[in-house]
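Beneath this line is the structure, given in structure tokens, with notes to follow.
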Amino acid sequence: MGKLNCPGILEIITNWPEGENFGLTDEEQEQVTRAEEAPPYNQLPAEETHYALFTDGSCRIVGMNRKWKAAVWSPTRQVAEATEGEGGSSQLAELKAVQLALDIAEREGWPRLYLYTDSRMVANALWGWLKRWKEANWQRGGKPVWAAKEWKDIAIRVGRLPVKVRHVDAHIPKSRANEEHRNNEQVDRAAKIEVSKIDLDWEHKGELFLARWAHDASGHQGRDATYKWARDQGVDLPMDSISQVIHDCETCAAIKQAKRVKPQWYGGRWSKYKYGEAWQIDYITLPQTCQGKRCVLTMAEATTGWLETYPVPHATARNTILGLEKQILWRHGTPRGLSLTMGLISRTALLTPGLGNMVLSGCTMFPTMHPLQTKWRGTMHC
């Protein structure tokens, strides 16, 4: 939610309904009067395109202040109209853009308005939330609805003017973009806030910081996977920032190098596996307890020797599964073969069926140990 220059994690959005039904039961959902969904812009009859407007809002830090800008784009007139202010957020700017579109429609006496927005929040509110909020006296969970003043104004005006709303996907590849997406790009440009190069440098550093966090937290995945993971967390990252972070990532470089170099023990049963498909698992015991952790689950990738570790208080079946999930499944995908010591095989036999099947189904088990793990066991035992 929101633009990166005013990240969604900073927005006050916790009081909004969630889910496809906006937090309502099926029975309640049927009672809610919602704005009709507009057809795709390229499917509008020519005479109706005069009543279509694209809206967008943005927010960014300029100097020591946060500023917002709301814009409306008319495809038929090829003109944009904008308004801006201080404080607020990108979400507030989106609401101001809707109000600006209603101003234009009312001023020119339009019989109806087709509203196109890339804000899921705006579309959801106009589709299903406004009537519900009004019935609850503009409260949700005993707390005032966020931006109640703006929502009340929009609700009153939507009640007077027929409004049809469509959500536009702002992240469609250029090769698949149509007239609707190009118009959305026009209003997006109109909503941009001009800032100095110094401010842009600071913003870029913030983007790189968030991209580095997302890339690391998502398990050093590729550009598209990192982007999707960040979107799932509510942060919209620029692709170029993600690409730069991946290019500079030392961990990713080491993984690529490991894939190219075949270790001395490569061959035999491991030759049929690709990178990340086979792992050799064992525990080692630390010389002394560190931050409550007594053992370390070691996971060596069988074809390259790439090592993953997972410190735990005790060498238990549950901790083995957690280590496999967090260090292997999330980062490298589901393995096809696992090589465990006899002690670990006996531990995995104690796993609950659901948890065990989720992680280990389809894996071939080998009671062997990685050469590196053999060396570690020379001084540390578990």
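One residue stands out in the range 292-322 among those that are in a loop (DSSP other than H, G, I, E, B) and touching a residue at least 24 places away in the same chain (Cβ under 8 Å): the one that is surrounded by the fewest Cβ atoms within 10 Å (Cβ to Cβ), namely THR316. Are any of the residues in the range 51-73 modelled with pLDDT under 95 and in a helix (DSSP H, G or I)? Taking every residue of the range 51-73 in turn, none turns out to be modelled with pLDDT under 95 and in a helix (DSSP H, G or I).
Given the criteria out of contact with any strand residue (DSSP E or B) (no Cβ under 6 Å at 6 or more places or on another chain) and assigned by TED's automatic domain parsing to the domain that holds ALA155, does TRP73 qualify? For TRP73, the condition - out of contact with any strand residue (DSSP E or B) (no Cβ under 6 Å at 6 or more places or on another chain) and assigned by TED's automatic domain parsing to the domain that holds ALA155 - is not met.
Specify the residue that is farthest from TRP73 (Cα to Cα); the eligible residues are those in the range 151-185 that are assigned to a helix (DSSP H, G or I) and touching a Pro at 6+ places or on another chain (Cβ under 8 Å). Ranking the candidates gives GLU179 first. Considering only the range 133-152, I want to know if a residue exists there that is of a type in the set (Asp, Glu), more than 30 Å from ASN65 (Cα to Cα) and modelled with pLDDT of 95 or more. No, the range 133-152 contains no residue that is of a type in the set (Asp, Glu), more than 30 Å from ASN65 (Cα to Cα) and modelled with pLDDT of 95 or more.
Note on the range 106-150: residues that are of a type in the set (S, T, N, Q), assigned to a helix (DSSP H, G or I) and more than 12 Å from ARG166 (Cα to Cα) amount to 0.
For the range 71-101, the candidate set comprises residues that are under 24 Å from the mean Cα position of the chain (by Cα) and of a type in the set (A, V, I, L, M, F, W, C); within that set, the residue that is surrounded by the most Cβ atoms within 10 Å (Cβ to Cβ) is ALA93. Would you check if there is a residue in the range 190-205 being within 30 Å of PRO111 (Cβ to Cβ) and touching a residue at least 40 places away in the same chain (Cβ under 8 Å)? Within the range 190-205 (the criterion being within 30 Å of PRO111 (Cβ to Cβ) and touching a residue at least 40 places away in the same chain (Cβ under 8 Å)), the answer is yes, since at least one residue qualifies.
Evaluating LEU24 against the criteria (1) of a type in the set (A, V, I, L, M, F, W, C); (2) over 18 Å from SER119 (Cα atoms); (3) at pLDDT 50 or above leaves one unmet condition, (3). Only residues that are part of a helix (DSSP H, G or I), touching a residue at least 24 places away in the same chain (Cβ under 8 Å) and touching a Phe, Trp or Tyr at 6+ places or on another chain (Cβ under 9 Å) were counted in the range 323-335, giving 5. Mind telling me which of the residues ILE198, ILE172 ends up being in contact with a helix residue (DSSP H, G or I) (Cβ under 6 Å, 6 or more places away or on another chain), modelled with pLDDT under 85 and not basic (Lys, Arg)? When all the criteria are applied, what remains is ILE172. Would you mind stating whether THR226 is closer than 22 Å to PRO335 by Cα and either of a type in the set (D, E, K, R) or modelled with pLDDT of 85 or more (or both)? Spelling it out, THR226 is indeed closer than 22 Å to PRO335 by Cα and either of a type in the set (D, E, K, R) or modelled with pLDDT of 85 or more (or both).
In the set ALA123, ALA136, ALA82, ALA147, only one residue is aliphatic (A, V, I, L, M), closer than 21 Å to HIS181 by Cα and free of Cβ contacts under 8 Å to residues at least 60 places away in the same chain; that residue is ALA123.
With respect to being basic (Lys, Arg) and more than 24 Å from the chain's Cα centre (by Cα), LYS149 fits the description. Across the range 83-105, the qualifying residues are those that are within 10 Å of GLY57 (Cβ to Cβ) and either assigned to a loop (DSSP other than H, G, I, E, B) or not assigned by TED's automatic domain parsing to the domain that holds VAL145 (or both), and the one among them that is modelled with the lowest pLDDT is GLY88.
The values are calculated or read from the model by the stated rules, or taken from the named source; none is laboratory data. Note that the structure is predicted; figures quoted are calculated from it, not measured. Cβ: placed from backbone, ideal geometry, glycine included. Neighbour counts: every protein chain shown.
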